[in-house]
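The values are calculated or read from the model by the stated rules, or taken from the named source; none is laboratory data. Computed from a prediction, not measured in an experiment: that's the story for all the values here. Cβ sites come from the backbone with ideal geometry, for glycine too, and all protein chains shown count toward neighbours. We work out accessible area using only protein heavy atoms, side chains counted, and drop any ligands, DNA or RNA first. Shrake-Rupley method; radii C 1.70, N 1.55, O 1.52, S 1.80 Å.
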Amino acid sequence: MVDEELKHIIHRAKRGDREAFADLVQRFKGHVYRYAVGMLGDRMDAEDVSQEAFIKAYYSLSSLDNEYAFSSWLLRIAGNLCKDRLKKRMNAPIQEMSEEQNGRIADQHAADPLEKLSMEEGLSRLSVGHREVLLLHEIQGYNYEEIAEMIDVPLGTVKSRLFAARINLRKELRRED
């Protein structure tokens, strides 16, 4: 939930206050970057997408109707940019996940470093849609309704993708054994 101070900063940024927008960038840059790394598996691409997401957000901030939805709105922008970048790669495999991203997912499922490596490889083999909902839910901590709004799909689709992502990830991890 957005606190009142953050809501005020967003409101100021919407009115053109560049310092307020710079504050938003500082507050959310790590959040956007971690999401982009998880989606793209490449740190340089994630940096590019993060910067591009903030540029797009700056120029379309006036279209944000609800300050409380800023975080999900920003991640939707980043998600669309990630999907565009993945399309350009023409289904090239994911190269690497960040150590932090790997650790956060893998720590929930494995304590052994070899198992963590398997987790990274398993995630890289998931479809974009499955990886997206898994990262948004497990790493970013969004609930089903928020994810549905962010990626513009029905709530049932989010639930089914997350269910399938978990099953497919388990299959990939078993394949590594």
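Condition check for M90 on (1) farther than 23 Å from V133 by Cα; (2) at pLDDT below 95: one failure, at (1). Here V49 clears all of (1) open to solvent by less than 50 Å² (accessible area, probe 1.4 Å); (2) of a type outside the set (S, T, N, Q); (3) touching a residue at least 60 places away in the same chain (Cβ under 8 Å) except the condition numbered (3).
This table checks each residue for (1) within 30 Å of G122 (Cα to Cα); (2) modelled with pLDDT under 90; (3) touching a helix residue (DSSP H, G or I) at 6+ places or on another chain (Cβ under 9 Å).
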| residue | (1), (2), (3) |
| --- | --- |
| K14 | no, no, yes |
| F21 | no, no, yes |
| V25 | no, no, yes |
| F28 | yes, no, yes |
| G38 | yes, yes, yes |
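For the stretch 56-78, name all the residues that are in contact with a helix residue (DSSP H, G or I) (Cβ under 6 Å, 6 or more places away or on another chain), at pLDDT 90 or above and of a type in the set (G, A, S). A57, A78, listed by residue number. The residues of the stretch 29-64 that are outside any helix (DSSP H, G or I) and under 14 Å from A13 (Cβ atoms) amount to a single one, L64.
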